[in-house]
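The values are calculated or read from the model by the stated rules, or taken from the named source; none is laboratory data. In this text the structure is predicted, and so the values were computed from the model without any measurement. Cβ sites come from the backbone with ideal geometry, for glycine too, and all protein chains shown count toward neighbours.
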Amino acid sequence: MIPLPLDELRGLGDLDGEGEATGLTIDSRTAGPGDLFVAVRGGRAFVADARKRGAATLVPDDEHAALAAIGRALRSRSEARMVGITGSTGKTSTKDILAALCAAVTRTVATRASENAELGVPLTLGRLEPDTELCIVELGMRGFGQIAELCAIARPDVAVITAIGPVHLELVGSIEGVARSKAELVAALPEGGIAVVPRSAELEPHLRSDVDVRRVGEVDVELSEDGARIAFADELIHFPLRSRHQAQNALTALTAYEALGLPLERLQEGADRVELSRWRGEELALPGGGIAINDAYNANPTSMRAALEHLAGLGAERKLAVLGGMAELGEHAARYHRELGTLAAELGIEVVAVGELAREYGAPTWVPDAPAAVAAARERLSPGDAVLVKASRALALEGVAPALANAH
């Protein structure tokens, strides 16, 4: 971490330590000499442990305000270019892909997993080093104003919006509201900044004439068993990705990479390094043949449609989808679930619906929770089948696919 004088943090809470902090953590188990342990989410109980490990400690009066102040202080000391990424779908995967591309050619820090909110953004900035050249920060959104608050900490030079679609409708009301909230990232750019955005009618009114806008079209991709070959800059770039929606995320990342002015001749070097975060299309072999796709990190109508279409396109003779409900869709929830239930039927996919919201899929098989979903799927699977597991995080279905893969 960029050295940060602890004296600058006095007034944020109960601070114990002298000199400079050269590391930032909210987990006492990772704390050591030179680190600053900030006690959040019950962390007060572990202050003594962090001190025993040699770390300075801060018990903040307001945990979000304290971490924001630390993040701003670190950002002000860094000369790295800052890329902010948000979007209704694909933001974590796009971040993973862009980070791999950039890390091959420049000193890069990127958000870990989905640490994309009030705690995660400062923690990402806490990994900046004096020689970091590029920082890629994922920005999550639960309502109006949140992305603007996160941008006030990170101060992005480049904005990447992956998609605009029906998410968080309980909080923002409509797809137009989604676009307005995501566009807070564009509003935060300095004059002359860069915005990489999808072609979206809802987003267009929020774009700026004093910003270099790069619009991402539909991906030109060849999909095969060994991955995706994406046409870009007069080349075919191979990625270890097997779905069209992940190839679309890769095209967004490629566009951002080009906008950053990084060497196009080294794209393949970075593409070879791509690894997606957990539970985002992970493929697991099933006993006796077949495949389980663990895409259980989250779900919304756009990502669910893409996952079902990917499942339908696989070579397996029989396809099964274990689908939990999609949260935060408000008054539109029943309609979106019914539409996806109809789509699954049209694609020839049998659905096991999990949880109360999932009743609206209209599937003949409904179960209440993850253990019951495992049992129901096992009853239906035969060697050579393909199964998709997808739901909003509240359903906690991430263990279903591994349980099916480890069946004896």
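For the condition under 17 Å from the mean Cα position of the chain (by Cα) and either farther than 14 Å from GLU339 by Cα or of a type in the set (S, T, N, Q) (or both), GLU317 does not qualify.
Sub-9 Å Cβ pairs linking a first residue in region 250-274 that is free of Cβ contacts under 8 Å to residues at least 24 places away in the same chain to a second residue that is surrounded by fewer than 17 Cβ atoms within 10 Å (Cβ to Cβ), at least 6 apart or interchain, are GLU265/GLU235, ordered by first then second residue.
Anything in region 244-292 that is among the aliphatic types (A, V, I, L, M) and either within 23 Å of ARG112 (Cβ to Cβ) or in a loop (DSSP other than H, G, I, E, B) (or both)? List them, or say none. The answer is ALA250, ALA253, LEU254, ALA256, LEU260, LEU262, ALA271, VAL274, LEU276, LEU284, LEU286. Put simply, of VAL196, VAL213 the only residue that is modelled with pLDDT of 95 or more, surrounded by 22 or more Cβ atoms within 10 Å (Cβ to Cβ) and either part of a helix (DSSP H, G or I) or in contact with a strand residue (DSSP E or B) (Cβ under 8 Å, 6 or more places away or on another chain) (or both) is VAL196. Picking from residues in region 389-408 that are aliphatic (A, V, I, L, M), within 19 Å of the chain's Cα centre (by Cα) and crowded, with 17+ Cβ neighbours inside 10 Å, the one that is modelled with the lowest pLDDT is LEU395.
Scanning region 37-67 for residues that are part of a helix (DSSP H, G or I) and either within 25 Å of the chain's Cα centre (by Cα) or charged (D, E, K, R) (or both) returns ARG44, ASP49, ARG51, LYS52, GLU63, HIS64, ALA65, ALA66, LEU67. When residues of region 29-43 are filtered for being surrounded by 15 or more Cβ atoms within 10 Å (Cβ to Cβ), over 14 Å from LEU12 (Cβ atoms) and either in contact with a Gly (Cβ under 7 Å, 6 or more places away or on another chain) or of a type in the set (Val, Ile, Thr) (or both), how many remain? Of the residues in that region, 2 qualify. Restricting to region 7-21, name every residue that is surrounded by 15 or more Cβ atoms within 10 Å (Cβ to Cβ) and within 27 Å of ASP131 (Cβ to Cβ). If the condition is that a residue be surrounded by 15 or more Cβ atoms within 10 Å (Cβ to Cβ) and within 27 Å of ASP131 (Cβ to Cβ), then LEU9, GLY17, GLU20, ALA21 are the ones that fit. The set of residues from region 46-64 being of a type in the set (A, V, I, L, M, F, W, C) and either outside the structural domain of GLY32 (by TED's automatic domain parsing) or buried (at least 16 other Cβ atoms within 10 Å of the Cβ) (or both) comprises PHE46, VAL47, ALA50, ALA55, ALA56, LEU58, VAL59. None of GLY362, GLY348, GLY330 is under 25 Å from the mean Cα position of the chain (by Cα) and either on the phi < 0 side of the Ramachandran plot or of a type outside the set (Val, Ile, Thr) (or both) except GLY330. Of the residues that sit in region 8-24 and are on the phi < 0 side of the Ramachandran plot and without any contact (Cβ under 8 Å) to a residue 40 or more places away in the chain, which one is farthest from the chain's Cα centre (by Cα)? Here the answer is GLU18. Scanning region 366-389 for residues that are farther than 21 Å from PRO301 by Cβ and either part of a strand (DSSP E or B) or touching a Ser or Thr at 6+ places or on another chain (Cβ under 7 Å) (or both) returns VAL367, ALA376, ALA386.
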